[in-house]
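The values are calculated or read from the model by the stated rules, or taken from the named source; none is laboratory data. Computed from a predicted model, the values in this text were never measured in an experiment. Every residue, glycine as well, gets a Cβ built from its backbone with ideal geometry; the counts of neighbours run over all protein chains shown. For the accessible areas, the whole protein counts, side chains as well, though only heavy atoms, and no ligand, DNA or RNA atoms are used. Shrake-Rupley method; radii C 1.70, N 1.55, O 1.52, S 1.80 Å.
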Amino acid sequence: MAQEVRGVIAPGKDEPVRVETIVVPDPGPGEAVVRVQACGVCHTDLHYKQGGISDDFPFLLGHEAAGVVESVGEGVTDVAPGDSVILNWRAVCGNCRACLRGRPWYCFNTHNAKQKMTLTDGTELSPALGIGAFAEKTLVAAGQCTKVDPAVSPAVAGLLGCGVMAGIGAAINTGGVGRGDCVAVIGCGGVGDAAIAGANLAGAAKIIAVDIDDRKLDQARTLGATHTVNSKATDPVAAIRELTGGFGADVVIEAVGRPETYEQAFYARDLAGTVVLVGVPTPEMKLELPLLDVFGRGGALKSSWYGDCLPSRDFPMLIDLHLQGRLPLDAFVTETVRLDEVEKAFERMHHGDVLRSVVVL
Ligand code: APR
Ligand code: ZN
Ligand code: ZN
């Protein structure tokens, strides 16, 4: 039996979001219905609402979520009703060239649930990033569910489904931060702070946080930054060099998504160092770099896609580290809000007041 629950809908471009009754079908083959416990408010939800990602309104927003599997469809064996899970953007096929080469985040055959959730009048909803978890329940592909230790607080667990995993993964998976490395992180929002926590976890010796907002720099220290640079007041490239004996950082992580910060990252790295772009640029952004500098400095310029994560490997591992007290994930939850407070949470995010607001159900 399809069920009616409440969910947060973005009805049209730039219109305020609102809570509506939505219809969640029973899970079909390969699908699962998840009772959502918590879902973080991410910039991508705001971009959906603003029409910046697609025109397929109405959207069912929310995609950084944790919950409990309520029911599963035919053929689902990896998760069962009662399992605590974190949701990921897309189920991967496991068989394509990208999957077989161990890079499933580039899988060619990803999928979400085949059936559609709807409004009560039958209007089909587009779930944000194939999830749609600002809702009491949501329908996903079973492969989007990763089972984790139920002892973890759902508000914390959900964050691994997007921004926090993107940041931690940029450091440990893409950047390959190792023990003793000097790491610089440019942009200390939720993603940059997660990169700092990831670098700390990986044993970095120095972690230099760069931002234009002193509030963010104070917070970055609580997540493991050993040095901070306000790039409004100080040239960040010179500061990073000075803090690293004149060399530059082994790994520089750009978590803003702007050409000027990427350029700073490029010049702040040591010879043969790695630059990781995790901030998402807009289509019109361009970067001009002297090719001789690219050649002469060696190393790698990389981008990090979803933290280059393997959900089934990384989510349970990071939750275990958190439960052992070795990864302060609760620091990312600035506030918890209700379903009807998402619009207000967008407002606070826009003003840079929060790392994450989390809808708790
Ligand atoms: N130099 C340094 N820091 C900057 C600059 C700049 N020129 N401009 C903005 N910042 C800082 C902001 O002060 C803020 O602390 O970058 C941070 C951005 O943080 P958030 O807005 O909270 O964004 P976040 O969720 O961390 O995402 C960062 O990563 O995944 C992507 O789409 C995401 O592009 C976005 C980026
Ligand atoms: Zn997100
Ligand atoms: Zn694949």
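A few points about this structure:
- Here the 3J(HN,Hα) profile of segment 167-173, calculated from phi with Karplus coefficients 6.51, -1.76 and 1.60 at θ = phi - 60°, is x, 4, x, 4, 7, 8, 8 Hz, Gly and Pro shown as x.
- Value of relative contact order over segment 167-304, rounded to a whole percent, pairs C-alpha under 8 Å and six or more apart: 23 percent
- Model label sites at Glu242 and Asp214, defined 7 Å from Cα along the beta-carbon direction, differ in position by 1.7 nm.
- Where a label projected 7 Å from the Cα of Ala2 along Cα→Cβ would reach, residues of segment 120-134 with amide N under 16 Å: 120-127
- Separation of alpha-carbon centers, segment 230-248 and segment 206-222, rounded to whole Å: 14 Å
- Residues whose placed amide H lies under 5 Å from that of Leu125, excluding near-sequence neighbours: Met117, Thr118, Leu119
- Segment 79-160: C-alpha gyration tensor shape, a/c 1.5 cut-off, then a/b vs b/c: oblate
- Under the simplified labelling scheme, the Thr234-Tyr106 pair shows an inter-label distance of 3.8 nm, with each label point 7 Å from Cα along Cα→Cβ.
- From its DSSP helices (H runs of at least four residues, each -39,500 (n - 2.57)), the chain gives a residue-normalised ellipticity at 222 nm of -7000 deg cm²/dmol.
- Calculation over all alpha carbon pairs of segment 62-103 in 5 angstrom steps from 0 returns a P(r) of 5, 18, 20, 21, 18, 15, 3 percent.
- Using a cutoff of 8 angstrom between alpha carbon atoms and counting only pairs six or more residues apart, the relative contact order for the chain works out to 17 percent.
- Compactness of segment 188-296 as Cα Rg over 2.2 N^0.38 Å, two decimals: 1.01
- Over all orientations, segment 221-361 has a Cα convex hull whose mean projected area works out to 11.4 square nanometres.
- Here's how it looks for Glu31: its modeled amide H is under 5 Å from those of Gly73, Glu74, Ala142, which are all 5 or more places away or on a different chain.
- The H on the amide N of Val252, modeled in the peptide plane, is under 5 Å from the matching H of Ala184, Thr274, Val275, Val276, each at least 5 residues off or on a different chain.
- Percent antiparallel among DSSP beta bridges (both partners in the chain, rounded to 5): 55 percent
- Placing dummy labels 7 Å off each Cα toward the beta-carbon, the span from His351 to Thr334 is 1.0 nm.
- Solvent-accessible surface of segment 167-304, averaged per residue with a 1.4 angstrom probe and all protein chains in place: 44 square angstrom.
- Rounded to 0.05, the FRET efficiency of the Ser303 and Arg179 pair, given R0 = 22 Å and the Cβ-Cβ distance, is 0.35.
- Rounded to 0.05, the FRET efficiency of the Arg221 and Thr120 pair, given R0 = 51 Å and the Cβ-Cβ distance, is 0.55.
- Base-10 log of normalised Debye intensity for the chain (one unit scatterer per alpha-carbon) at q = 0.10 Å⁻¹: -0.60
- A probe of 1.4 angstrom, applied to the heavy atoms of all protein chains, finds Lys302 with accessible area near 80 square angstrom.
- Spatial offset of segment 1-25 relative to segment 84-125 amounts to 20 Å, using the alpha carbon center of each.
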